[in-house]
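Every number in this text was worked out from the coordinates using simple rules, so none of it is lab data. What you see is a predicted model, and the numbers here were worked out from it, not measured in a lab. Neighbour counts run over all protein chains shown; Cβ positions are idealised from the backbone, glycine included.
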Amino acid sequence: MSDEVPAGLVRVRLDLAYDGADFSGWAKQRTRRTVQGELEAAIPTVLRMSEPVELTVAGRTDAGVHARGQVAHVDLPADVWAAEGGNLRRRLAGRLPWDVRVWQVSQAPPGFNARFSAVWRRYAYRVGDHPGGVDPLLRGHVLWHDRPVDVDRMNAAAELLLGEHDFAAYCKKREGATTIRTLLDLRWERTADGLAVATVRADAFCHNMVRALIGAMILVGDGHRPPGFPAEVLAGRERHSAVKVLRPHGLTLEEVGYPADHLLAARAEEARNKRSLPCVPAE
């Protein structure tokens, strides 16, 4: 499959952010409010287009998940882009609801695909364990845990999960979809305001993967399980009854990484190939 843009169209990159609290996720739905739905309604309106548009996104966030560094692309008629592209960001600011903002609008380089050209996505999950609860001004973005969590113990557990694995034990399975992913970075830090914040970066994520991983590590952090527990669950490749998928409001998509422009098309082609783990000879 080629990422060449059809004649007469221009591929436009959108860098955006949203508060996921009142959205039923990214993907457009007929009867529910979604980020994609809001954007696909706003863009033709502000550009005075009679034809609908369709966005492709770097990462389809679930209901209630936030984003600060989301990336999408849309193919627009070249004449519309030439005449109105310079005004698109300002016009969207006046048309979109308060909980979704488009920060940058630019013509994408050749070969760019917001989803398939990405080489990694970085999320943050924020946990508050103060015995009094979470700052009311942060309550929509921080999960409160009613027991103290030990960041060092969780980091010890995290190190055992890095690399390429089958994350079936931490994913909601989908027919025909692989659960093999490469976890590039997983670490916890305690911030100045007392939050325990996990940074999770991978080439891609499967459904519920981040929230399930964090759920397993919280069990380590509060002393319910040893540091090796999340890796044992991973090796089992089956969902574990003790591992809960945490609530979505603590999760934010922070950034999407792309290669140099001349590598965009090759990366998109590579990402479309279904992956498998190498066979390990029997002993």
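So how do 63-73, 193-203, 99-109 stack up, highest first, on mean other-Cβ count within 10 Å?
Numbers: 63-73: 22.2, 193-203: 19.0, 99-109: 16.1.
Ranked by mean Cβ neighbours within 10 Å, highest first: 63-73, 193-203, 99-109.
What whole-number volume per residue, in cubic angstrom, does the convex hull of the C-alpha atoms of segment 9-116 give? Show your work: numbers first, answer last.
Working: hull volume 10.1 nm³, N = 108.
Cα-based convex hull of segment 9-116, divided per residue, equals 93 Å³.
Relative to the longest principal Cα axis of the chain, at what angle does helix 35-47 sit, 0 to 90 degrees, rounded to 10?
20 degrees
Over all alpha-carbon pairs in segment 76-211, figure out the percentage whose distance exceeds 28 Å.
42 percent
Between residue 45 and residue 95, what is the label-point separation in nm under the 7 Å Cα-to-beta-carbon projection?
Inter-label distance under the simple model: 0.7 nm.
Using 1/(1 + (r/R0)^6) with R0 = 22 angstrom and r between the beta carbons of residue 255 and residue 130, what's the FRET efficiency to the nearest 0.05? Each step should come with its number before you reach the end.
Values: r = 27 Å, r/R0 = 1.24.
Result of the calculation: an efficiency of 0.20.
Under the rule of -39500 (n - 2.57) per DSSP H run of 4 or more residues, summed and divided by the residues of the chain, what mean residue ellipticity at 222 nm is obtained, to the nearest 500 deg cm²/dmol?
Details: 7 runs with 66 residues, N = 283.
Calculated from helices alone, the mean residue ellipticity at 222 nm is -6500 deg cm²/dmol.
Let me see the pair-distance distribution of segment 143-197: every alpha carbon pair, 5 Å bin width, integer percents in order.
Over segment 143-197, the share of Cα pairs per 5 Å bin runs 4, 16, 20, 18, 16, 14, 8, 3, 0 percent.
Starting from 0 in steps of 10 Å, tell me what percent of the Cα-Cα pairs of segment 33-81 lands in each bin.
So the P(r) values, bin by bin, are 22, 53, 23, 3.
Ordered by packing density, taken as the mean number of other Cβ atoms within 10 Å over each peptide's residues, highest first, how do 208-220, 119-131, 50-62 rank?
Details: 208-220: 24.6, 119-131: 19.3, 50-62: 16.6.
Output ranking for 208-220, 119-131, 50-62: 208-220, 119-131, 50-62.
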